[in-house]
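Below is one structure, written out as structure tokens; comments come after it.
Computed from the coordinates by the stated procedures, all read-outs in this text should not be read as laboratory data. Quick caveat: nothing in here was measured; it's all calculated off a predicted structure. All Cβ positions, even for glycine, are placed from backbone atoms using ideal geometry, and neighbour counts span all protein chains on display.
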Amino acid sequence: MTVQLSPLTATDPTQVGEYALTARLGKGGQGVVYLGRSHDGGQVAVKMLHADALDVAGLRAQLAEEVELARRVARFCTAQVLAADIDADPPYVVSEYVDGPSLQAVLRGDGPLRGAALERLAVGTITALAAIHQAGIVHRDFKPGNVLMAPGGPRVIDFGIARALEGTAILTSRIAGTPAYMAPEQITGGPLGPAVDLFAWAATLVYAATGSGPFGHDSLRAVVHRVVNEEPDLGELSGPLRGLALRCLDKDPAARPTAAQALLSVLGVEADTGSAEKEQPLPQQTLVAGAIAAADTGAQESATAEIYRSYPPLAPAAETPRPRSWQPPHPPPPTGPQPYPSPFGYHYPTGPYPAQQNRPSVFPSQQPMPNWAQQIPPANPAPFARPGPQPISYPPQYPAQEAPPATGGVNVGLLVGVLVVVGVLGLVLLWIVIAFLRSVNVV
């Protein structure tokens with residue numbers, strides 16, 4: 001099914017700003033929508049707003065702020081707002097052109113959606129609402145006519161300007177024509193937030209699955225009464241979508257899930273289905289479209305304090321130089337000063353150094369040292385000679401150093417050696433003399 005275009009009439013403009021108008025796309029309570037063409041040849045949708053709807057003091061400035069917010073909405077699953085001139089006569093808003101009929105037109109021609117087609121609609125539209133809410137906007141007029149069935153998937157349109165036009169005679173008459181998708185708080189005058197879009201989304205989903213809204217489509221008075229006082233009729237909607245739609249259609253906005261929670265539920269992911277009132281505040285904007293106000297710093301400070309009470313910050317650990325190959329041990333890392341690792345990769349525990357009498361010997365034998373070894377002054381032990389949790393048995397290693405200086409004491413070993421050599425030489429000399437004398441006598 002393609003979009004039905006109507007030719008321009010004699011009273012229609014042919015140029016708006018830098019956009020050339022080529023055909024009519026439709027007409028609604030806010031104004032007339034035209035198919036336009038930009039200077040680079042791309043197609044756009046140009047909505048010409050009724051000028052008399054903006055005669056209220058300050059309304060144009062508020063609408064300009066809302067349009068600026070709408071331009072920040074992520075492009076997926078929505079028709080991106082490209083430009084606007086609210087001070088023009090008449091004012092207009094330019095958005096991305098989506099070549100596809102509305103969901104309402106598709107259902108009238110082809111009947112209710114089933115199976116994967118219904119699930120694709122649910123995923124695409126709730127994703128769009130999550131993006132719209134993230135930008136600080138509440139759609140307030142979500143309905144089958146504002147969902148376009150593009151070849152690439154459903155796209156949500158007309159978000160970001162309903163708030164500014166609310167209360168004018170034109171918009172009031174338009175809203176009165178679609179009460180089946182309004183939340184109870186919109187009818188009774190309660191505070192409005194993102195929860196109104198979840199209510200409208202669920203009502204649209206029921207309509208797409210059954211061909212009838214959850215509160216009927218008969219007289220205005222009857223539909224309004226059912227929305228405020230009666231339970232919804234979900235018809236043939238089944239499976240997980242039925243339970244989700246029932247939660248979104250709760251009379252109490254605080255009991256409805258947020259768009260992000262509903263998206264996770266549609267995807268089959270377990271999520272906290274808390275209320276929309278518990279949703280994190282939207283960044284830098286208020287929950288309703290066009291209301292620009294300072295953030296509630298008191299609530300933010302309270303939430304931050306609660307987080308710090310539950311998760312106090314950890315004390316910073318002492319900085320200790322470590323080699324590049326250092327890896328933390330399997331037990332939790334100590335908070336005290338860290339020792340240097342041994343050359344063999346062994347990491348010694350932290351804590352007070354063991355008492356001297358408890359140190360295990362680093363020598364392989366317990367035999368007493370010889371006297372000559374006792375005269376050598378001990379060298380400083382190598383770093384790896386420090387004891388660990390278990391005795392270490394390997395010979396000590398000493399750094400290279402010069403020979404120890406001579407001492408004034410008598411070296412007993414050297415003296416004994418000299419005496420032995422002298423005695424041996426004396427015996428040899430005596431033997432030589434005797435042999436010589438014997439040879440002389442013989443001769």
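Observations on the model:
- Calculated FRET value between residue 123 and residue 9, using beta carbons and R₀ = 30 Å, to 0.05: 0.15
- Backbone N under 19 Å from the residue 64 label point (7 Å along Cα→Cβ), restricted to the range 10-35: 17-18
- Label point distance in nm, residue 18-residue 217, each placed 7 Å from Cα along Cα→Cβ: 4.1
- Among 436, 159, sorting on how many other beta-carbon atoms sit within 10 Å of each Cβ, with the fewest leading, yields 436, 159.
- Inter-label distance, nm, simple model (7 Å from Cα along the C-beta direction), residue 229/residue 429: 14.3
- Amide H partners (placed H, <5 Å) of residue 84, local residues excluded: 94
- FRET efficiency estimate (nearest 0.05) - Cβ-Cβ, residue 87 to residue 251, R0 41 angstrom: 0.50
- Linear extension gain, residue 43 paired with residue 419, 0.36 nm per residue minus alpha-carbon span: 123.6 nm
- Local net charge near residue 251, Cβ-Cβ under 10 Å (Lys/Arg +1, Asp/Glu -1): -4
- Of the residues 197, 12, 40, the one with the fewest other Cβ atoms within 10 Å heads the list, and the complete ranking is 40, 12, 197.
- Fewest neighbouring Cβ atoms within 10 Å first, the residues 14, 178, 22 line up as 14, 22, 178.
- Long-range HN-HN contacts of residue 153 with modeled amide H, under 5 Å: none
- Efficiency of FRET from Cβ geometry, residue 71 and residue 267, R₀ 22 Å, rounded to 0.05: 0.20
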